[in-house]
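Values in this text are rule-based calculations from the coordinates and carry no lab data. Computed from a predicted structure; not experimentally measured. Don't worry about glycine lacking a Cβ; one is built from the backbone with ideal geometry, like all the others, and counts go over all protein chains shown.
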Amino acid sequence: MKVLFVAAHPPLPLDNGGRLRTFHLLDELCRRGEVVLACLDREPGSGMDPCPRQAIRMALPGLRALEVIPAPPARKRLRQLRALALGGSYTERMFRAPDLIRAVRDGTQRFEPDLVHCDSLFCAYVHPSGPAATGEWVLSMHNSESLLKRRLAETATEWPRRRLYRAEAQALEELERRWLSAYDHCLAVSDRERDLFARFNPSAVTIPNGVEPLPEPGLPSAPAEHEPLRLLFVGSLNYEPNRDGLEWFVHEVAPRVRARVRIDVEAVGPGARGPELPDVRYLGRLEDLAPAYERAHAAVVPLRAGAGSRLKVLEALAHGVPLVSTTIGVEGFDLQDGEHALIADTPDALAERLALLDASLRGNRNLAASLVDAGYHFAHRYFWPAIGERLAATYEAWVEDHSSSIAS
């Protein structure tokens, strides 16, 4: 099977959920067929340096060919003002690159792929304006972008930001309707979003997020008698739901926890921190998250906005770290409160869950051990090789159906 894979960002560095998903889907497809990648050299507006072509080649040696396109200048504030005045999505404008359209057009002519995988709503514009020239066209949605912006509008405290997010949500909903209808098939990361997308594309299927395979963990680590409960937050602070969630946790949840137990909070991930938050130790971007998970007594995912599903949830479960989260934090996974994780949505309830976990870790550890065992076995179903088999089988069936329809 020959796949032309189109991405609105490079698959490196592996420091946020979007790039992790892109990288692992690429890696799994490369193990099972011929793959050509066309991508932008950085995510517009991220402040990142361009990703070197050679780094991608080394990380994904199975690629048959690679074309890396310079990302357009972001001009985010200007595009936001234009969107408010003229309509349309400022995010989509930031990602639009005519050279990526050209690369995809040339790639379909030279490579003649069986299937074209577009890895985001923000590169969906590469789809031909008329009937697709070759193969099946698949739009892989990392999440519902319109739902994400609607939720950010709900949590925004400043009216200009609320207005901007509401307008962007409406523009993105129109884009989702347009492009989902244009593509032959669609991938969603959860059944909930698959059902949303199926309104516009009946051929929507779920290919969930995954995690790298890890050995089964032992008992969770317990804090020493005078040691605080160490909490770990993982996430890029360039991503607004992460930044909002961490700030909310520090200002609203942590004081309530500290009224009951001592805690330390570590934050891991790239991106601008914004105002320094009290009692948070920033570790920045780490090449290897394993030592941070080994130190942690619990992982916290206190998100109030977002869409799709969070890879950090699977990472914590696979590392054998008890998970404490909001409902939105674990959205997209069928995790049960008290069985796989501790889940609550108010500051008082989250503080209660963390105090309960602290007591378990310092006592008989029954609750903590049960959470770790059930959480790991849940995450085991999402190891990337299994996701890769599911994706390849789906693509092969679509390609076979396409070939049969042409032959008949």
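Tabulated results
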quantity: Along each principal axis, Cα extent of the chain, largest first, Å; calculated: 69, 48, 40
quantity: Of the GluC sites (Glu not before Pro) in the stretch 149-239, those whose Cβ has at most 16 other Cβ within 10 Å and which sit in DSSP loop; calculated: Glu158, Glu225
quantity: Gap separating the Cα centres of the stretch 104-166 and the stretch 198-269, nearest whole Å; calculated: 27
quantity: C-alpha long axis of helix 17-30 to longest principal axis of the chain, angle in °; calculated: 50
quantity: Stokes-Einstein D (µm²/s) once Rh is taken as the Kirkwood radius of the stretch 1-147 over alpha-carbon pairs, at 25 °C in 0.890 mPa s; calculated: 157
quantity: With Cα atoms, 0 to 90° folded angle of helix 384-407 axis to the chain main axis; calculated: 20
quantity: DSSP-assigned coil residues among trypsin sites (Lys or Arg not before Pro) in the stretch 257-357, each with at most 15 further Cβ atoms within 10 Å; calculated: Arg260, Arg262, Arg273, Arg285
quantity: Simple spin-label estimate for Arg75 and Trp159 in nanometres, 7 Å along Cα-Cβ; calculated: 3.0
quantity: Low-density loop positions, trypsin sites (Lys or Arg not before Pro), the stretch 142-208 - DSSP coil, at most 15 other Cβ in 10 Å; calculated: Arg199
quantity: Long-range amide H partners of Phe5 with built H, under 5 Å; calculated: Val36, Leu37, Ala38, His117
quantity: Segments 355-365, 235-245 sorted - mean Cβ within 10 Å per residue, highest first; calculated: 235-245, 355-365
quantity: Angle between the chain longest axis and helix 145-155 axis [Cα atoms, degrees, rounded to 10]; calculated: 30
quantity: For the chain, calculated [θ]222 nm from helices alone, where every DSSP H run of n ≥ 4 adds -39500 (n - 2.57); calculated: -13500 deg cm²/dmol
